[in-house]
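**Student:** Supplied in structure tokens, the structure appears directly below.
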Amino acid sequence: MDVRVGDRLWMKKPHPCGSREFLVLRVGMDFKIKCTGCGREIMLPRLKCEKNIKSVQRDGEG
């Protein structure tokens, strides 16, 4: 899956605060993502994060 820094991810399951939207801060073996609802930053293994992604939205795309 092609995920880049700055992308917005819509996840299958919501964060405990209720938001499903996350901003990608770092990409590598682990993803560092930030919840757009409460601002908490989370580090997840790449495989676990990619399994839970519903859609990816880039800045420049609709």
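**Student:** Which of the residues belonging to the range 14-41 are closer than 13 Å to Arg4 by Cα and basic (Lys, Arg)?
**Tutor:** Arg26, Lys32
**Student:** Out of all the residues in the range 1-14, which are outside any strand (DSSP E or B), open to solvent by 70 Å² or more (accessible area, probe 1.4 Å) and within 21 Å of Asp59 (Cβ to Cβ)?
**Tutor:** Across the range 1-14, the qualifying residues are Met1, Asp2, Arg4, Val5.
**Student:** In the range 15-32, is there at least one residue being out of contact with any strand residue (DSSP E or B) (no Cβ under 7 Å at 6 or more places or on another chain), of a type in the set (Val, Ile, Thr), open to solvent by 40 Å² or more (accessible area, probe 1.4 Å) and not in a strand (DSSP E or B)?
**Tutor:** yes
**Student:** With the requirement that a residue be without any contact (Cβ under 8 Å) to a residue 24 or more places away in the chain and closer than 16 Å to Glu50 by Cβ, what does the range 3-22 give you?
**Tutor:** Within the range 3-22, Val5, Phe22 meet the criteria.
**Student:** Take Leu44 and decide whether it is open to solvent by 40 Å² or more (accessible area, probe 1.4 Å), outside any loop (DSSP other than H, G, I, E, B), without any contact (Cβ under 8 Å) to a residue 24 or more places away in the chain and closer than 18 Å to Arg4 by Cβ.
**Tutor:** No; evaluated as a whole, the condition is false for this residue.
**Student:** Right, next: For the range 47-62, give me each residue that is in a loop (DSSP other than H, G, I, E, B) and either open to solvent by less than 70 Å² (accessible area, probe 1.4 Å) or touching a Pro at 6+ places or on another chain (Cβ under 6 Å) (or both).
**Tutor:** Asn52, Arg58
**Student:** Then there is this: Within 11 Å of the chain's Cα centre (by Cα), of a type outside the set (A, V, I, L, M) and not in a strand (DSSP E or B): is that true of Cys38 in this structure?
**Tutor:** No: the conditions fail for Cys38.
The values are calculated or read from the model by the stated rules, or taken from the named source; none is laboratory data. Quick caveat, the model's predicted, so the values are computed rather than measured. Note that we place each Cβ from the backbone using ideal geometry, even for glycine, and neighbour counts take in every protein chain shown. Keep in mind that these areas ignore ligands, DNA and RNA; they rest on the heavy atoms of the full protein, side chains included. Shrake-Rupley method; radii C 1.70, N 1.55, O 1.52, S 1.80 Å.
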